[in-house]
1. Consider segment 420-454. How many of its residues are among the basic types (Lys, Arg) and closer than 30 Å to Asp341 by Cβ?
2. Identify, from the list Ile458, Ile477, the residue that is farther than 29 Å from Asp360 by Cα and either of a type in the set (Asp, Glu) or touching a helix residue (DSSP H, G or I) at 6+ places or on another chain (Cβ under 7 Å) (or both).
3. Is at least one residue of segment 269-292 in contact (Cβ under 8 Å) with a residue 12 or more places away in the chain, surrounded by 22 or more Cβ atoms within 10 Å (Cβ to Cβ) and part of a helix (DSSP H, G or I)?
4. Quick check on Gly262: is it part of a strand (DSSP E or B), among the small types (Gly, Ala, Ser), open to solvent by less than 20 Å² (accessible area, probe 1.4 Å) and in contact with a Gly (Cβ under 6 Å, 6 or more places away or on another chain)?
5. Any idea how many residues of segment 482-524 are in a loop (DSSP other than H, G, I, E, B) and free of Cβ contacts under 8 Å to residues at least 40 places away in the same chain?
6. Sort through Thr450, Thr431 and tell me the only one that's over 23 Å from Ala300 (Cα atoms) and exposed (fewer than 14 other Cβ atoms within 10 Å of the Cβ).
7. Check Pro234 against each of (1) closer than 20 Å to Asn157 by Cα; (2) in a loop (DSSP other than H, G, I, E, B); (3) open to solvent by less than 60 Å² (accessible area, probe 1.4 Å) and name the one condition it does not meet.
8. Which numbered condition in (1) surrounded by fewer than 18 Cβ atoms within 10 Å (Cβ to Cβ); (2) modelled with pLDDT under 90 is the only one that Gly620 fails?
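The values are calculated or read from the model by the stated rules, or taken from the named source; none is laboratory data. Remember, predicted model here, so these are calculated numbers, not experimental data. Cβ coordinates were reconstructed from backbone atoms using ideal geometry, including for glycine residues, and neighbour counts include every protein chain displayed. Note: areas computed on protein heavy atoms with side chains; ligands, DNA, RNA excluded. Shrake-Rupley method; radii C 1.70, N 1.55, O 1.52, S 1.80 Å.
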Amino acid sequence: GYAIYQYMNQPKMPDFNLGSAGMDEGSPTYGWDGVQTIQEVGVPVAVVYGEHRVGGNIINQFLWEDGDKHYLNVLLAVCEGEIESIESIELNNNPIDNFEGVAVNKRFGTNYQSTIPNFEDLHNIYPVSANLTQNNPYIYTTVDLDVEAFEIHLRLNNGLYQQNSSSGDIQSWSVTYRVEYKEHSSGTYIDLGETTISAQSRSSVRRVFRKAGLTPGQYDIRITRTSEDSSLQPLKQGDLLLFQIDELKTDDLSYPNTALLGLQLLATDQLSGSMPNITSIVQGRKVSVPDVRNGTDPVAWDDYYWDGADYRLLADDTLLSWDGVSFAQRYSANPVWCLRDFIINSRFGLGEFIASENLDHASLLEMSQYCEERVPDGQGGYEKRFRMDVVIDSNNKALDVLIQLCATFNAMPVYSAGGLAFKIDRPTTPTQLFGMGSIVKDTFAQSWKTLKEVPNVIEVQFTDKEKNYQQETIAYIDEELLGSGEPMRKSQIRLFTTRGSYAIRAARYALKVARYINRSVTFKAGIDAVACQAGDVISISHDVPQWGFSGRVQDGSTDVLVKLDRAMFIEDGKSYKIQVRFSDDSIEERLITSPTGTHTEVSCEAFPQDPQGFDVYAIGETNKVKKDFRVVSIQREGKSEVLIS
């Protein structure tokens, strides 16, 4: 618990001298300005677990003009797929349904997804801004060397019209231009003919000329205005501007395994000018979870919980079924299954280094079910104990990411036996008993936190779903300590959750850990006597702090008579118990029945087997036989000893 509090108590997380910052550092999702759309290269494709608002990265955009209507086409790489859904799209914090002329296309990141309409081509738009005058050709050489099509974007910014000299009426007028092209290394232009633009408009007129079907290469494009220029007498307005040229590649890119959002936005008074900030709520990656069913129908992850023995519906406690072996790829916010997916995925996770067989699946299942037990939500209902709602979209070291994600379910990552495991801070049975007979002499040491290290106010920073995923900070106060006159001591936590109830529970947990987990111990033991690993709970019996009376069992003991390696005194009127760690590492506790007096062997209630010579024992008054600790590290000391903290 103390180690986990140490992790949770540091928003940036320990970097083990590797110099890494937290997951929110440089993230377009977790800034104080809210979720942002970006247009950058070389940045991570976001990974979304659970449910969160996401901005995405613009990977293709272009303007398309249909007569007097102008459309902005935007293609966003939202996140890694396959995901469950993309909903609640907003433009500049306004629901997309409030805008006219909007077309939406979605892809959820499957391996064989189809292309999105209007984005069959790759657009590279280059500004030109050259005024075209009669019979003065403008020659443009493409920047790209593999152009397969081009679009010429023309504008008449001051309109296109002529004025009747007699009546003063505004009338239609026309301008004409010719387009020619050739391969850059060739000497002969190919004439695409003349095109005429006619209009009666004092506002801006825009047109696009497109040529497709080119052999990939570099091209020279020659544009010539062939009609007369604008004039004042008589008034004819038609200044023709070569605004930009769009160099196209016509590959049909479907971006497999990347969730996409394609938008076609009509330029209106509501939507014009700069690129809007585009966000959407994503229900994230589908991960491998138990195939829980109601009859034959799959049950959504949000709808069920674990009651300690079975899966049930949250709504009405209906008993659900799972065969204990079948798993399915479904949306889930269970932090254990999400973390497993993140670790073994070879595309964006640690799959190149950690395979599925390196994980303890029985332990993962047990922890996942603990996460899915229901707890009060603070509003009269119930919710699952833990959930993970996170967007991983910044560059960080793997260990730092794992530690921060583990904080969402009070866990710590542990490397053990060539694999990776997780340990949740929760009530659990001790795995080993250490006593005077197994602790190396003069190596036992204790330390305590100072009062200054114990906060009485915990502040939790998180993104709040109820406030449209804006950053929020809540404070949880130890009113008893503050009421006694103690000065305020704050500690801050960065938690990747989106619900206030989860943030409050995390703050309450951290406050209790800070207040009550205040002692740490270190000691050495023989390497052959260590059957525990980091994260395990162990029992310690030691004479110095008077945690029981311990040593090694002597030969000749039976299931009801344990021979001790030293004498002990049983006081009158007190009840004593004895614990024995057998050679198979099982631990059993029994009531001592010996009378008052000094003993080198004690009678007790029957053990399931005879203790053997050199088994570890601990004796103490009832509830004082030993003290439990959680192991935070085990370090090898030489060839035959380990240092346990």
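1. Count: 2.
2. Ile458
3. no
4. On the way: part of a strand (DSSP E or B): yes; among the small types (Gly, Ala, Ser): yes; open to solvent by less than 20 Å² (accessible area, probe 1.4 Å): yes; in contact with a Gly (Cβ under 6 Å, 6 or more places away or on another chain): no.
For Gly262, the condition - part of a strand (DSSP E or B), among the small types (Gly, Ala, Ser), open to solvent by less than 20 Å² (accessible area, probe 1.4 Å) and in contact with a Gly (Cβ under 6 Å, 6 or more places away or on another chain) - is not met.
5. Within segment 482-524, the first condition is being in a loop (DSSP other than H, G, I, E, B), and the residues that meet it are 484-489, 495-499, 517-518.
From the residues that got through so far, the ones that are free of Cβ contacts under 8 Å to residues at least 40 places away in the same chain too are 484-489.
Counting residues in segment 482-524 that are in a loop (DSSP other than H, G, I, E, B) and free of Cβ contacts under 8 Å to residues at least 40 places away in the same chain gives 6.
6. Unique residue meeting the criteria: Thr450.
7. (3)
8. Going through the list (1) surrounded by fewer than 18 Cβ atoms within 10 Å (Cβ to Cβ); (2) modelled with pLDDT under 90, Gly620 breaks only (1).
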